[in-house]
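The values are calculated or read from the model by the stated rules, or taken from the named source; none is laboratory data. Keep in mind that what you see is a predicted model, and the values were worked out from it rather than measured. Backbone-built Cβ (ideal geometry, glycine too); neighbour counts: all protein chains shown. Surface areas here come from the heavy atoms of the whole protein model, side chains and all, with no ligands, DNA or RNA. Shrake-Rupley method; radii C 1.70, N 1.55, O 1.52, S 1.80 Å.
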Amino acid sequence: MHEMALAESLVELIEEEARKHAAQRVKTVRLAVGALAAVEPEALAFCFDAAARGAAAEGARLDILYSPGKGWCLDCAEEVPLSERFGACPNCANYHVQMTGGDELRLIELEIA
């Protein structure tokens, strides 16, 4: 389960930011997770709770904002929704689609005290 490694890296990043701002405690962590990021949000939340023990983020609320998969169909010349990486265009069924969104895992915001 790579979510534990992601959660540990996230906690390290949060600890670094908390030190920069002399924060004693992190109250809320907001993440953007794309539908095509190969991350299981529930597993990430579980692992985050375990990884944050003893850190400034212990007990912090983890808000996960989901973003859909998107791509640009070269044949249709328009943005289309994607439900899988390297998927076909839902309009023309061709595989000439470049992914343009939905693969991110990004720390958006921290609420600190």
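Total residues in the range 57-93 satisfying the condition of being in contact with a Cys (Cβ under 7 Å, 6 or more places away or on another chain) and either free of Cβ contacts under 8 Å to residues at least 12 places away in the same chain or not in a strand (DSSP E or B) (or both): the figure is 5. Tell me, which residue of the range 17-50 that is part of a helix (DSSP H, G or I) and more than 25 Å from Gly102 (Cβ to Cβ) is most open to solvent (accessible area, probe 1.4 Å)? Restricting to residues being part of a helix (DSSP H, G or I) and more than 25 Å from Gly102 (Cβ to Cβ), the top hit is Arg19. Considering every residue within the range 7-16, establish whether at least one is among the β-branched types (Val, Ile, Thr), over 23 Å from Gln98 (Cβ atoms), buried (at least 18 other Cβ atoms within 10 Å of the Cβ) and touching a helix residue (DSSP H, G or I) at 6+ places or on another chain (Cβ under 7 Å). So far as the range 7-16 goes, yes, one or more of its residues are among the β-branched types (Val, Ile, Thr), over 23 Å from Gln98 (Cβ atoms), buried (at least 18 other Cβ atoms within 10 Å of the Cβ) and touching a helix residue (DSSP H, G or I) at 6+ places or on another chain (Cβ under 7 Å).
Would you be able to say whether some residue in the range 67-90 is touching a strand residue (DSSP E or B) at 6+ places or on another chain (Cβ under 9 Å), surrounded by fewer than 18 Cβ atoms within 10 Å (Cβ to Cβ), among the hydrophobic types (A, V, I, L, M, F, W, C) and closer than 18 Å to Glu12 by Cα? Checked against the condition, which is being touching a strand residue (DSSP E or B) at 6+ places or on another chain (Cβ under 9 Å), surrounded by fewer than 18 Cβ atoms within 10 Å (Cβ to Cβ), among the hydrophobic types (A, V, I, L, M, F, W, C) and closer than 18 Å to Glu12 by Cα, the range 67-90 yields no hits at all.
If you filter the range 51-86 down to residues that are acidic (Asp, Glu) and under 17 Å from Asp103 (Cα atoms), you find that the one that is modelled with the lowest pLDDT is Glu84. Residue count for the range 71-101, restricted to those that are closer than 30 Å to Arg30 by Cα and touching a Phe, Trp or Tyr at 6+ places or on another chain (Cβ under 9 Å): 8.
Within the range 1-36, the set of residues being more than 25 Å from Ala113 (Cα to Cα) and modelled with pLDDT of 95 or more comprises Glu3, Met4, Ala5, Gly34, Ala35, Leu36.
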